[in-house]
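Structure first, then comments.
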Amino acid sequence: MTTESTGSSTDRTESADGFDFDTLDRPIDWNEAVPHFDDAPDHGLRDADVRAAWADRLAQWLPPAPADVLDLGCGTGSLALLAAGQGHRVTAVDSAPRMVEHARAKLTGTGTEVLVGDAARPPLDGRRFDVVLARHVLWTLPDPEAALRHWCALLRPGGRLVLVEGVWGGQSPVGLPVARLARALAPLAGRVHTESLSSEARLWGGPVTDERYAVVAVVDGPRRHTEVVDVHLIVRRGGEVLLARRANTGYADGLLHAPSGHTEDGEDVRAAVIREAEEEVGLRLAPQDLRVALVMQHRGPGTAPRIGWFFEADHGAGGTPVNGEPDKCSELGWYALDALPDDMVAYCRAGLDAYRAGERFVLHWHEDDDPVAYEATARRVVTLPMSGQQGQGAVRR
């Protein structure tokens, strides 16, 4: 949904519907914004000169018509109307039902489908498009990078993202700097073109002083899938295992986890776990100290999947464990493998349970709304039979 700011030609931090980007301390209710939304020159495109400026830009950014265009966060449908008028087949999505109601009225007779849905995950049933268009939408989403990855997956090979974004407000700026957006798109698109729009007064109905820009990114086709490879160390002291309590990391803080990390460029999994063991718990392990315990493909809530290698080592190998990263770990402790605590990272707890049961290859796939912490009622592990075993895998916990 467009959230363009308007106001005087020198200080345009307050929008036509009354919110001030410098004092924005609550989520915007876009249904409440509907009555005045189109008063902003670049929203309603009521002025012929502003409308012509946006039409010229769309003609430059969009492929030749007819193309399948997905307008995400369409607001009242002004850009969708321009695209449809240029001969494109348009599908528009907005999260606010009142916005959708106005967009449907504005787009009557154009053949445009207007849907109520989340711009980050639009309800499209597997459909693909030539263009994903979004104007001042990405900055409102909780995880812009995740949205970009999903939007790229909605494109056909050679499709393009057309994004208009900016940074508004003087005291407490909001928005997305162009550098952040370019970095996020670099691994997703073959070509990324950015252009400043701040000096284009025709687009905004007058001069502006804040940062406004457009990004056109072309996705050349499906890219080879890659996954992060992480490593985990199971240190055994008889029937006990060593666990560390995470702190100040921004992920699963307060929960227990085995000493772990991920491989670096050019590093094999055994070298990685040896390095992580020394960094995290002060153990100087040799390759012969390690045994492969478990391989797990796992996916956290709403995140990309990873491959996890769990290695086993006996207590005493490489020295005595110490807390090597007190800024990231609040404590180390020994815990009974057959009575593990519940306050653990879910996939690590599931991996240790599978290891204790003699499993060696497992999947652990979170649902998007799952917690990171272990829940006894959540059954997310699927065991994969090894060669010579019968069956197709079973959910254990």
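The values are calculated or read from the model by the stated rules, or taken from the named source; none is laboratory data. It should be emphasised that the depicted structure is a prediction, and the values quoted were computed from it without experimental measurement. Note that each Cβ is placed from the backbone with ideal geometry, even for glycine, and that neighbours are counted across all protein chains shown.
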Q) Does region 159-186 hold any residues that are part of a loop (DSSP other than H, G, I, E, B), in contact (Cβ under 8 Å) with a residue 12 or more places away in the chain and under 23 Å from the mean Cα position of the chain (by Cα), and which are they? A) P173, L176, P177
Q: Tell me, yes or no, whether region 130-138 has at least one residue that is more than 26 Å from W168 (Cα to Cα), touching a residue at least 12 places away in the same chain (Cβ under 8 Å) and of a type outside the set (V, I, T).
A: yes
Q. In region 350-389, how many residues are in a strand (DSSP E or B) and β-branched (V, I, T)?
A. 4
Q) If you go through region 28-52 one residue at a time, how many are surrounded by fewer than 21 Cβ atoms within 10 Å (Cβ to Cβ) and closer than 29 Å to R191 by Cα? A) 2
Q) Which of the residues that make up region 101-124 are touching a residue at least 24 places away in the same chain (Cβ under 8 Å), of a type in the set (A, V, I, L, M) and either farther than 22 Å from D143 by Cα or out of contact with any helix residue (DSSP H, G or I) (no Cβ under 9 Å at 6 or more places or on another chain) (or both)? A) A103, L107, V114, L124
Q: Within region 61-77, track down each residue that is at pLDDT below 95 and outside any loop (DSSP other than H, G, I, E, B).
A: none
Q. If you go through region 217-233 one residue at a time, how many are surrounded by 19 or more Cβ atoms within 10 Å (Cβ to Cβ) and farther than 17 Å from E279 by Cβ?
A. 2
Q. Touching a residue at least 24 places away in the same chain (Cβ under 8 Å), more than 28 Å from D143 (Cβ to Cβ) and either acidic (D, E) or touching a Lys or Arg at 6+ places or on another chain (Cβ under 9 Å) (or both) - does that describe any residue in region 75-82?
A. yes
Q) Do any strands (runs of 3 or more DSSP E) lying entirely in region 249-349 carry at least 3 residues that are touching a residue at least 40 places away in the same chain (Cβ under 8 Å), and which ones are they? A) 291-299, 305-314, 329-336
Q.
With the requirement that a residue be touching a strand residue (DSSP E or B) at 6+ places or on another chain (Cβ under 7 Å) and at positive phi, what does region 43-84 give you?
A. G73, G75, G77
(Q) Residue under question is T140, and the condition is that it be of a type in the set (S, T, Y), buried (at least 16 other Cβ atoms within 10 Å of the Cβ) and under 20 Å from Y213 (Cα atoms); does it hold? (A) yes
